[in-house]
Amino acid sequence: MPIFSFLAFPKTDMKDRLIADLSAMAYCEIKPSGNKDVLILLTDTPDEEANKNLIDAIKALNSLQSLSMAFGHTD
Amino acid sequence: MTFTRRDFIKNMALKSAAVAAATMFPGISFSGWNPADLSADSIVWSKTPCRFCGTGCGLLVGVSGEKAVAVKGDPNSSVNKGLCCVKGYHSIQILYGKDRFVTAYVRKDGNLVPTPIQEALDLVAARMKSSIEKNGKNSVAIYGSGQWSIPDGYTASKFFKGCIGTNNVEANARLCMASAVTGCLTTFGLDEPMGCYEDIDNADVFVTWGNNMAEMHPVLFSRMLANKKSKTHVQIIDLTTRFTRSSQAADKSILFNPQSDLAIANAICYEIIKNNEVNQEFISSHVSFHKGKTNIGYGTEDHFAFSDTAESVDFEAYKTFLKDYTPEAAEKISGVPAADIKYLASLYGDPDKKVTSFWTMGMNQHTRGTWINNLVYNIHLLTGKICEPGNSPFSLTGQPSACGTVREVGTMTHKLPHGVVTEEADRKMAAKIWDVPESNIDPKPTYHTVEMFRALDRGEITFMWIQVTNPMVTMPNLRRYRDGAKKEGRFIVVSEIYPTPTSDVADVILPSALWVEREGFFGNSERRTQHNAQLVPKPGEAMCNTWQLIQVARRMGFEKQFPWTQETYIEDIWNEYIRFHDSPKHRMAPYKLLKERSGVQWPFVDGKETRWRYNGKYDPACGSNTFDFYGKPDHRAWIWLRPYEPAAESPDKEYPFWLNTGRVLEHWHTGSMTRRIPILHKAVPESYVEIHPEDAKLLGVVNESKVNIISKRGSVVMKACINGRGNPPRGMVFVPFFDENYLINEVTLDAFCPISKQPDYKKCAVRLEKA
Ligand code: SF4
């Protein structure tokens, strides 16, 4: 049951889009910054495979510039 | 609201991300969410010192159920006032790596086989006994660490020195701060800094001598920057051999040739005298002048022996000695423009400026490490800028308890918890407190670290117990010592938490309890002792290192010396240990107080901590209200005449580059813990070699190209890093040593300071080839 947190950086002028994209994805919780172009992304997936698929899908988002891991836990 | 363990982990994950975001974007806010709200009533917060560096930040670890789930800076700790760095924030994750040793292993038919720990301890005791019977008491050795908790080191010393009767006790702190010790002892007669971190809030000028505090002591660096921000005149001068993150933040960065700090320090003193900026009153009352031996060698040969002498000289002789070190002459050696040396001298010499000098490995890992420590003290003594708030020559330690466990307990071959083995009175005191015959304590030191591993290679040592350190990554000229440890007839015991190249060579692995899985104490760079309670259970059969030692000692017949119960042994050891320091010069705080407070500084006299030693205004051990360097028989601090002498190995035609090694912010030492923390591993996933862009161009390499680094001793292939976080000058490369996949110490040289016996990891000669 992996839990990870990331800083997600949107492409220029695509912060709202990134928020919308991530909000629509299963296993994701987000905390957007009110004053900077970055948001905190928390992923809580049932297993390693779901985690890998989710990260691949997030990385494929057009609104995402980069993803930087802050914390990782796997049981 | 009920919080599950999973909720706590999620909270921790969110908090970690919030911390990372706040580091990148100070003042960041999150719409409708305050990271500080992430708390739950069922988390129990307890204080502990940080597991990692010698800064000794106070942390609060949040425990839910039986698991540590969160970390924050301890606002009650005067060290960090609630701050911590990225390693501290993620420190609890070191407890939960998947490959923790939770059982003992014994090598059988070449393979390490899981074994019940009591059986493994039986074997350790039996092998120690047989080694002593066959080859004598000096055939067994223990090699510990500045990451040992104080009771670990104390028990090891009592067991080996007091009970077995061998001085084969060393610790990896020999590799990181032995020159700071001999620097203090030769100048002041007593070890450890006279000042404290409050110097950071009071200084007008900081001079950092070859240390990258922004990465190695980041919380202290932030404190320095905070002082600078609050008072516009504060300056940071970075004296360095390579451009670093600290250089970026400094007001002025001065690049010098490796080893030439000796010439620069002497030139600063020359200039201070020339400009009549000497504090005459201070030196006439509190300083004496001394000359030692010169051309003292480098220790690269087995059985190297050296002992210094101290010839008394006068101020005139000192002035004459300094004539060789005009700023112009020092410029030729150091490459530092004479104008910059004069500028440095003017800062030190200005009576209206308070100056703090900081150093760590650049000055200590140096074949003239003792000398350069002496020479920086000389500057502060000549100007009288010492032992008062903001005026402070300050040697910072690398490891969390290099001071507490190695320097104070004395876990080095020549040392005892109080004094040295060569002194009868010190042996008497130890024998009395330890309840052993005085004749048990050998008056002769045996092997310092490098020589101890040489003795293992030669076969004089046949049994070695290694606790809390990873010498098969960190020993210089590593190949010789790894091959030596693997030789037939050697028995190696390793107390560890994770697999490492050192546990790979073990005959027995004992699983250790880590940090907050056991009770203990650390002592940081400013003489602060910090207690930690056991906060979470030990995994599997993991056992506290102190208890492992006690178990083996009892099996060898020393029940009388180790009578304590598992419930109170840490408290009992503390109470016994502090009897060694029961004087106003070094009194330690009682157990009960240490449990309550976020650290207490020694000397702890009449209920008060001593902030500045040797100054009667602050230090009750001084006879009067003035300065008293009571560590020396003449009650004076000693200025030493120490010349410039070259490094043991310098670049030449065949090996034209200097190799410099060190650390990075994210990783702790050999990375055996921090490489198991996902965010830290991801931040710096592997080691690399920093090369100057021009040198890279000539070599035909770009970022991430493979480069072969070759010395007379070995080679390692790794990726190039050009214009990275650090930038060496032309003719130098820098390699962080945290990555066991790239054993850079197969390339380094085992030359050391003949006085401190500390190796120089900052200077040897290599050539580069595109791989
Ligand atoms: S600065 Fe050192 S002691 Fe403080 S949190 Fe970082 S690693 Fe720990």
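Note on region B:583-630: residues that are hydroxyl-bearing (Ser, Thr, Tyr) and closer than 20 Å to residue B:401 by Cα total 3. Restricting attention to region B:53-74 and to residues that are hydrophobic (A, V, I, L, M, F, W, C), more than 14 Å from every other protein chain (Cβ to nearest Cβ) and touching a helix residue (DSSP H, G or I) at 6+ places or on another chain (Cβ under 8 Å), the residue that is farthest from the ligand (Cβ to nearest atom) turns out to be B:61. Of the residues making up region B:583-630, those that are farther than 30 Å from residue B:570 by Cβ and not small (Gly, Ala, Ser) number 12. Only one of the numbered conditions (1) of a type outside the set (A, V, I, L, M, F, W, C); (2) touching a His at 6+ places or on another chain (Cβ under 9 Å); (3) surrounded by fewer than 17 Cβ atoms within 10 Å (Cβ to Cβ) is not met by residue B:584, and that is (2). Set side by side, the residues A:3, A:55, A:40 differ, and just one is surrounded by fewer than 19 Cβ atoms within 10 Å (Cβ to Cβ) and within 14 Å of chain B (Cβ to nearest Cβ), which is A:55. Comparison of B:238, B:251 shows that the only residue that is farther than 30 Å from residue B:641 by Cα, touching a strand residue (DSSP E or B) at 6+ places or on another chain (Cβ under 6 Å) and either open to solvent by 40 Å² or more (accessible area, probe 1.4 Å) or among the charged types (D, E, K, R) (or both) is B:251.
A quick yes/no check of all residues on (1) in the same structural domain as residue B:451 (by TED's automatic domain parsing); (2) out of contact with any Asp or Glu (no Cβ under 7 Å at 6 or more places or on another chain); (3) open to solvent by less than 10 Å² (accessible area, probe 1.4 Å):
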residue: B:721; (1), (2), (3): no, no, no
residue: B:724; (1), (2), (3): no, no, no
residue: B:730; (1), (2), (3): no, no, no
residue: B:735; (1), (2), (3): no, yes, yes
residue: B:739; (1), (2), (3): no, no, yes
residue: B:756; (1), (2), (3): no, yes, yes
residue: B:759; (1), (2), (3): no, no, yes
residue: B:765; (1), (2), (3): no, no, yes
residue: B:769; (1), (2), (3): no, yes, no
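The numbered conditions (1) more than 30 Å from residue B:513 (Cα to Cα); (2) within 23 Å of the chain's Cα centre (by Cα); (3) not in a loop (DSSP other than H, G, I, E, B) are all true for residue B:445 except (3). Listed by position, the strands (runs of 3 or more DSSP E) inside region B:663-741 whose residues that are in contact (Cβ under 8 Å) with a residue 60 or more places away in the chain number at least 2 are B:689-691, B:706-710, B:732-736. Where helices (runs of 4 or more DSSP H) fall wholly inside region B:322-401, the ranges with 1 or more residues that are farther than 30 Å from residue B:304 by Cα are B:327-334, B:338-349, B:369-383.
Is it the case that some residue within region B:500-509 is in contact (Cβ under 8 Å) with a residue 40 or more places away in the chain, out of contact with any strand residue (DSSP E or B) (no Cβ under 9 Å at 6 or more places or on another chain) and aliphatic (A, V, I, L, M)? No: zero hits.
For the residues B:165, B:183, B:195, B:189, the requirement of being assigned by TED's automatic domain parsing to the domain that holds residue B:139 and out of contact with any Leu (no Cβ under 6 Å at 6 or more places or on another chain) singles out B:165.
Only one of (1) assigned to a helix (DSSP H, G or I); (2) within 16 Å of the ligand (Cβ to nearest atom) fails for residue B:229. Which number is that? Of everything listed in (1) assigned to a helix (DSSP H, G or I); (2) within 16 Å of the ligand (Cβ to nearest atom), residue B:229 misses just condition (2). Taking region B:75-166 as the region of interest, the helices (runs of 4 or more DSSP H) fully inside it that hold 1 or more residues being within 16 Å of the ligand (Cβ to nearest atom) and over 22 Å from residue B:543 (Cβ atoms) are B:86-89. Under the condition of being touching a helix residue (DSSP H, G or I) at 6+ places or on another chain (Cβ under 8 Å), at pLDDT below 95 and at negative phi, the residues counted in region B:689-726 number 2. If you go through region B:522-537 and keep only what is within 15 Å of residue B:51 (Cβ to Cβ) and away from the ligand (no atom under 15 Å from the Cβ), you end up with B:531, B:533, B:534, B:535, B:536. Any residue at all in region A:6-23 that's within 8 Å of chain B (Cβ to nearest Cβ) and under 18 Å from residue B:19 (Cβ atoms)? The answer is yes, given that some residue of region A:6-23 is within 8 Å of chain B (Cβ to nearest Cβ) and under 18 Å from residue B:19 (Cβ atoms).
The values are calculated or read from the model by the stated rules, or taken from the named source; none is laboratory data. The model shown is predicted, which means the values in this text are computed figures rather than measured ones. In this analysis, Cβ positions are derived from the backbone assuming ideal geometry, glycine residues included, and neighbour counts consider all displayed protein chains. Just so you know, the surface numbers come from the protein's heavy atoms only, side chains and all, with ligands and any DNA or RNA stripped out. Shrake-Rupley method; radii C 1.70, N 1.55, O 1.52, S 1.80 Å.
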